[in-house]
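Asks: Before I ask anything, here is the structure I am working with.
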Amino acid sequence: MPDSSIIWAPTRPDSGGVFYRAPLGTTLPTNATSPLNALFVDHGWLGEEGITVTTERDIQKHYAFGSDLVKTTQGSYAESLQLSLLETDPDVLETVFGTGITLGVDGAGNRTVKVEHRSKQLPRSAFIVQTVDGNKTRRLVIQEGAVVEVGEIVYVHNDLLKYTITVDCYKPATGNAEAVIEYIHDAGKSAGS
């Protein structure tokens with residue numbers, strides 16, 4: 001029987017946090033609702049396009065003599081996230097460009113930021129994506145991932161400056177064997193339904 005209560009239209013939680021990053025080795029959540037380790041840094045506002053999760057399976061179809069499909073094999077599997085960060089915050093800038101961020105203060109007491117657009121490969125980190133729909137919560141835990149692509153950063157007066165990033169997800173060396181774990185908490189829905 002159809003059940004529209006299990007259809008999702010995800011949005012940001014009241015707390016505001018949707019996308020977080022922490023150093024590798026940070027204790028990861030094991031459910032959708034427990035508080036995150038304090039090392040996970042909230043990256044603030046995201047672009048209205050939300051978060052796109054892409055899974056790629058490289059498959060090969062095998063046919064028998066006479067043209068019938070008899071088997072499909074899988075050669076590789078990859079998962080990635082894409083999203084746009086809207087805030088020009090030191091934590092966001094470090095996620096986008098690496099550790100070449102220097103904070104300072106000018107003579108008037110204003111914060112200054114120096115950003116080195118480094119060519120070095122960005123480090124692997126742990127990432128969390130958290131969304132809600134009413135009293136339901138979804139949490140994606142990327143145990144080990146890296147920003148592998150930064151889209152064009154456009155400076156124009158009639159649009160927002162945003163950092164569109166792609167995060168590749170990797171199977172960790174220790175812990176759970178999967179690169180991405182998704183936890184869903186469906187408040188008010190009994191386990192058997």
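Asks: For the range 92-140, how many residues meet the condition of being among the β-branched types (Val, Ile, Thr), more than 21 Å from GLY16 (Cβ to Cβ) and touching a strand residue (DSSP E or B) at 6+ places or on another chain (Cβ under 7 Å)?
Replies: Number of matching residues: 6.
Asks: Also, I was wondering about something else. From the list LEU160, LEU122, which residue is over 30 Å from HIS185 (Cα atoms) and surrounded by 15 or more Cβ atoms within 10 Å (Cβ to Cβ)?
Replies: Going through LEU160, LEU122 in turn, the sole match is LEU122.
Asks: May I pose another question? Suppose we filter VAL129, VAL147, VAL167 for residues that are of a type in the set (Val, Ile, Thr) and without any contact (Cβ under 8 Å) to a residue 60 or more places away in the chain; which single one remains? Don't jump to the end; show me each part of the working.
Replies: Values: VAL129 fails: without any contact (Cβ under 8 Å) to a residue 60 or more places away in the chain; VAL167 fails: without any contact (Cβ under 8 Å) to a residue 60 or more places away in the chain.
Going through VAL129, VAL147, VAL167 in turn, just one is of a type in the set (Val, Ile, Thr) and without any contact (Cβ under 8 Å) to a residue 60 or more places away in the chain: VAL147.
Asks: For ALA108, work out the one condition from (1) of a type in the set (A, V, I, L, M, F, W, C); (2) in contact with an Asp or Glu (Cβ under 7 Å, 6 or more places away or on another chain); (3) without any contact (Cβ under 8 Å) to a residue 12 or more places away in the chain it doesn't fulfil.
Replies: With respect to (1) of a type in the set (A, V, I, L, M, F, W, C); (2) in contact with an Asp or Glu (Cβ under 7 Å, 6 or more places away or on another chain); (3) without any contact (Cβ under 8 Å) to a residue 12 or more places away in the chain, ALA108 is out only on (2).
Asks: Counting residues that are at pLDDT below 95, which strands (runs of 3 or more DSSP E) fully inside the range 126-193 reach at least 2?
Replies: 136-150, 180-186
Asks: Another one. Looking at (1) within 24 Å of VAL147 (Cα to Cα); (2) part of a strand (DSSP E or B), which is the one condition that is false for THR88?
Replies: THR88 satisfies every listed condition except (2).
The values are calculated or read from the model by the stated rules, or taken from the named source; none is laboratory data. The model shown is predicted, which means the values in this text are computed figures rather than measured ones. Cβ: placed from backbone, ideal geometry, glycine included. Neighbour counts: every protein chain shown.
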